[in-house]
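The structure under discussion appears below in the form of structure tokens.
The values are calculated or read from the model by the stated rules, or taken from the named source; none is laboratory data. On a predicted model such as this, the values are computed, not experimentally measured, just so you know. Heads up, the Cβs are rebuilt from the backbone with ideal geometry, glycines too, and the neighbour counts pull from every protein chain shown. In case anyone asks, the SASA skips ligands and DNA or RNA and just uses the protein heavy atoms, side chains included. Shrake-Rupley method; radii C 1.70, N 1.55, O 1.52, S 1.80 Å.
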Amino acid sequence: MAEWLGHSNQKLYQARLLLENQEQAEQSATGSVLSMALQESVLFQLVLSYQSYLHEIAEIAQCRDSFSSLQQLIESVPVPTGEMTELRQLEIDDFSWLSQLHSAFEYCGQKDNRPVPQPQNASMIKLHDQTAQSLPLREWYQSLSDIIDLQRNNRQES
């Protein structure tokens, strides 16, 4: 587990460094292209951090199967852990930071300019238009860091 823990921490650290540079580039008038590139880089590092953290959880659950998503991980263990269940609730909630993070990541992989999938309830806060505004990367970074720290601390106390 120490290998995945270190890898998760490294990816979070890289995301934070890129985020700081992205926020500086966003403030400068000439940094719009750089800001967009850094924004996407932060997004990718956050997703890599999340995927690495899923491997941490898999090791705790003694899952030796390969997987590429939380759903596949849950299906490969006899009983999902509390961590998996909590993350699954965030993934299926269209308005959660984790669901929005995944939607933004999927949008980056699209070759055309299809809009980011939006939650059906128009009264709720929508995802930012990625072509016009910056993503709430700081919030996503903080939320991911917080949930990882909280879940790790809960395991240590158990």
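Within the range 106-126, is there a residue that is at pLDDT below 95, within 21 Å of Leu18 (Cβ to Cβ) and either among the basic types (Lys, Arg) or within 13 Å of the chain's Cα centre (by Cα) (or both)?
Let us first name the residues in the range 106-126 that are at pLDDT below 95, namely 106-126.
This time we only want the ones that are within 21 Å of Leu18 (Cβ to Cβ), so: 106-109, 116.
Now narrow it down to the ones that are either among the basic types (Lys, Arg) or within 13 Å of the chain's Cα centre (by Cα) (or both): 106.
Within the range 106-126 (the criterion being at pLDDT below 95, within 21 Å of Leu18 (Cβ to Cβ) and either among the basic types (Lys, Arg) or within 13 Å of the chain's Cα centre (by Cα) (or both)), the answer is yes, since at least one residue qualifies.
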Task: One residue from Ser134, Ser145 being at pLDDT 95 or above, open to solvent by less than 80 Å² (accessible area, probe 1.4 Å) and among the small types (Gly, Ala, Ser) - done: Ser145
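Looking at Val79, Val33, Val42, which is the one that is out of contact with any strand residue (DSSP E or B) (no Cβ under 8 Å at 6 or more places or on another chain) and under 19 Å from Ile147 (Cβ atoms)?
Working: Val79 fails: under 19 Å from Ile147 (Cβ atoms); Val33 fails: under 19 Å from Ile147 (Cβ atoms).
From the options Val79, Val33, Val42, the qualifying one is Val42.
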Open item on the list: Among (1) over 28 Å from Ala37 (Cα atoms); (2) modelled with pLDDT under 95, there is one condition Arg88 misses while meeting the rest; what is its number?
Closed with: (2)
Task: Index of the failed condition, Thr81 passing every other in (1) over 16 Å from the mean Cα position of the chain (by Cα); (2) touching a residue at least 24 places away in the same chain (Cβ under 8 Å); (3) surrounded by fewer than 16 Cβ atoms within 10 Å (Cβ to Cβ) - done: (3)
Task: Hits in the range 10-69 - residues which are open to solvent by less than 70 Å² (accessible area, probe 1.4 Å), farther than 29 Å from Pro80 by Cα and part of a loop (DSSP other than H, G, I, E, B) - done: Ser28, Gly31
